[in-house]
Amino acid sequence: MGTVFRKAIVLFAAVMFTTGLIFAAGATAQDKYPSRAIEYIVPWGPGGGADQLARKSGVLLEKILNVPLPVINVPGATGGTGITKMLAAPADGQSIAIYIADSHAVLATGEATWKMNDIVPVARMILAPSFLFVAADSRFKTWADFEKEAKANPGKLKVATLGFGSVDDITLTYLEGKGVKVVQVPYSKPSERYVSVLGGHVDALYEQAGDVQQYLTGKQIRPIIMFGSQRFEFFKDVPCSKELGYDIGL
């Protein structure tokens, strides 16, 4: 699995942890574009980073394009349900979608219902690393604590994720190959994912910091590891996976 994982990381290095804007390939020229409201699809539930990004960027785009951009949440299949909805619409640019790295990672599994030729990237909007977060009062004070228990009791600890085939899944599967075996608990709705760690239903949460800023500001959760090659400037006390011997180049 280690080799497969590294190939996946190399393949997606340019877009990993990237959130972007896409529309269906084949959009044709019109006398006037946009001619009506643009359907803005978020392939995830309300409350997460993709949803927040769509709503904030939608407001800005409405001022530029002079048409409404109603946001439609279509969660399911690690983003696949929403992307499928966009591709089912006419290729005229009137339906656009948020496309995040977790959806892109599904292409590596062979389970995706779309190909890159089916979509047109319009803009890269966010580039951010991911972390493993625990509740503020968690017994795991550091990654070393979490790692020790995961190795001593394989399959005991639970981690809330986006879903199977996602970046979360790839990372945790890689860690399993290194002896850190946890149970993934997938949630397509971000709000449920966040509540799961706050309520003690899972032991940790895999997420980007910006998506859970309110919980970080409120000191309800804290990071114990960042997945990348160097520490994140806003969490300098949190170790990165590279320095701990985990070759996760996300």
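Just so you know, all these numbers are worked out from the coordinates, no wet-lab data involved. These numbers come from a predicted model, not from an experiment. Cβ atoms come from the backbone with ideal geometry, glycine included; neighbour counts cover every protein chain shown.
Assign one of three labels to the chain, namely rounded, prolate or oblate, based on the Cα gyration tensor with a ≥ b ≥ c the square roots of its eigenvalues; rounded applies when a/c is under 1.5, prolate when it is not and a/b is larger than b/c, and oblate otherwise. Since a/c reaches 1.5 and a/b is larger than b/c, the shape of the chain is classed as prolate. With the Cα gyration tensor of region 18-127 giving a ≥ b ≥ c as the square roots of its eigenvalues, does the rule (a/c under 1.5 for rounded; else a/b larger than b/c for prolate; else oblate) give rounded, prolate or oblate? It comes out oblate by the Cα gyration axes. Exceedance of the 26 Å cut-off in Cα-Cα distance is limited, within the set Lys115/Lys178; Lys148/Lys236; Lys115/Lys181, to Lys115/Lys178; Lys115/Lys181.
Across region 68-76, rounded Karplus estimates of 3J(HN,Hα) from the backbone phi angles (6.51 cos²θ - 1.76 cosθ + 1.60, θ = phi - 60°) give x, 10, x, 8, 10, 8, 10, x, x Hz, Gly and Pro being marked x. Amide H to amide H, with H built 1.01 Å from N, Thr161 comes under 5 Å of Val185, Tyr187, counting only residues 5 or more places away or on other chains. Could you work out the relative contact order of region 130-244? I mean the mean sequence separation of Cα pairs under 8 Å and 6+ apart, divided by the number of residues, in percent. It comes to 35 percent, rounded to a whole number. If you average the alpha carbon positions of region 43-58 and of region 123-197, how far apart do those two centres end up, in angstrom? One Cα centre to the other: 22 Å. Rounded, prolate or oblate for region 111-250? Axes are the square roots of the Cα gyration tensor eigenvalues, ordered a ≥ b ≥ c, and the cut-off for rounded is a/c under 1.5. Rounded. Each residue of region 240-247 is assigned a 3J(HN,Hα), and the resulting list reads 9, 4, 4, 5, 8, x, 9, 7 Hz, derived from the Karplus form 6.51 cos²θ - 1.76 cosθ + 1.60 (θ = phi - 60°), x at Gly and Pro. In the chain, excluding the sites themselves, the longest stretch lacking any of the trypsin sites (Lys or Arg not before Pro) that are in a DSSP loop with at most 13 other Cβ atoms within 10 Å is 37-114. The antiparallel fraction among DSSP beta bridges confined to the chain stands at about 65%. Taking amide H positions as modeled 1.01 Å from N, with prolines and chain starts lacking one, the residues under 5 Å from Ile41 and 5 or more places away or on another chain are Ile72, Ile96, Ala97, Ile98.
Close amide H pairs (under 5 Å, H built 1.01 Å from N) link Ala136 with Ile221, Arg222, residues at least 5 positions away or on another chain. Placing a pseudo-label 7 Å from each Cα along the Cα-to-Cβ vector at Ser191 and Leu107 gives an inter-label distance of 3.2 nm. Using the Karplus relation 6.51 cos²θ - 1.76 cosθ + 1.60 with θ = phi - 60°, the per-residue 3J(HN,Hα) values for region 211-228 come to 5, 10, 4, 4, 7, 6, 4, x, 6, 9, 9, 8, x, 10, 7, 10, 8, x Hz, with x marking Gly and Pro.
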